[in-house]
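The values are calculated or read from the model by the stated rules, or taken from the named source; none is laboratory data. Computed from a predicted model, the values in this text were never measured in an experiment. As a convention, Cβ positions derive from the backbone with ideal geometry for all residues, glycine included, and neighbour counts pool all protein chains shown.
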Ligand SMILES: O=C(O)CCC(=O)C(=O)O
């Protein structure tokens, strides 16, 4: 079932993103934050560096979010009814840290082709201009892939510090979300986000991305789950859903999937960053 309204679809088509979309209740968003903080307490290095990817392989709470029918209905409106979950990432900005995300296009280094895919950014906490919400350069998804300067800055939350220079900031729009809401963005939209200047964490759980089953990985191997429909292409390795938190086999799959992802993200790079 497709759930985006014609107006929302037009926003996606014209601007390259759509928001806000009601995805989860506040209580569900709170449960996600508690799950993260529980993992951080019991397994302090699990979510560090590369470990911020694929949390849905080791946590039934995150797995349920990825397979949430409300989210999938919105995604289906954009990429059709055969949907794979191809990856997830936590973007956490803690207070008193200088984390930011340079302006970039997701499609630049991710190897997913054709671009029949969409990224869901779920607000675990509120996201606003004070705590460093995303900013979208509306309409930029209609351009080709742009040159990205690879800066590897210490506080950049992207792998290579990849940066599209000279983005007209006054033409970018903040994606302000309440916890539980989400945005959907296009593979080629230029976007980024600033530093968190508040006293609380800003947490985004990003399904990066939902891909049509017709999308291949041209730089390596992806570990996916079928979210909806049928996968007649079988381009990727299919992974079972976790039944408990931090199961031994699931931890190994997360590790393996991250090794493969790192090879993809750093394909051709001069050095390896911390994520
Ligand atoms: O969380 C952020 O601030 C940026 C996330 C991002 O770049 C993405 O989801 O593609």
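Based on this model, can you work out whether residue 175 counts as in contact (Cβ under 8 Å) with a residue 60 or more places away in the chain and away from the ligand (no atom under 12 Å from the Cβ)?
Judged against the criteria, residue 175 is not a match.
Output the strands (runs of 3 or more DSSP E) that fall wholly within region 39-131 and possess 1 or more residues being within 11 Å of the ligand (Cβ to nearest atom), or say none.
88-93, 101-104, 117-123
Show the residue pairs meeting these rules: Cβ distance below 7 Å; 6+ apart or different chains; first residue within region 69-87 and over 14 Å from residue 235 (Cβ atoms); second residue crowded, with 21+ Cβ neighbours inside 10 Å and modelled with pLDDT under 95.
Going by the 7 Å Cβ cut-off, there are no qualifying pairs.
In the list 6, 20, which residue meets the criterion of being at pLDDT 95 or above, surrounded by fewer than 17 Cβ atoms within 10 Å (Cβ to Cβ) and touching a strand residue (DSSP E or B) at 6+ places or on another chain (Cβ under 6 Å)?
The unique qualifying residue is 20.
Against the definition (closer than 16 Å to residue 119 by Cβ and surrounded by fewer than 21 Cβ atoms within 10 Å (Cβ to Cβ)), how does residue 151 come out, yes or no?
Judged against the criteria, residue 151 is not a match.
Condition first: assigned to a strand (DSSP E or B), buried (at least 19 other Cβ atoms within 10 Å of the Cβ) and more than 10 Å from the ligand (Cβ to nearest atom). Now tell me which residues in region 191-224 satisfy that.
Those that are assigned to a strand (DSSP E or B), buried (at least 19 other Cβ atoms within 10 Å of the Cβ) and more than 10 Å from the ligand (Cβ to nearest atom): 210, 211, 212, 217, 223, 224.
What are the pairs with Cβ atoms under 8 angstrom where one residue, in region 34-45, is over 12 Å from residue 245 (Cβ atoms) and the other, located anywhere, is assigned to a helix (DSSP H, G or I) and at pLDDT 95 or above? Sequence gap at least six, or different chains.
The qualifying pairs are 45/51.
Among the residues of region 138-159, count how many are in contact (Cβ under 8 Å) with a residue 60 or more places away in the chain, in a loop (DSSP other than H, G, I, E, B) and away from the ligand (no atom under 13 Å from the Cβ).
3
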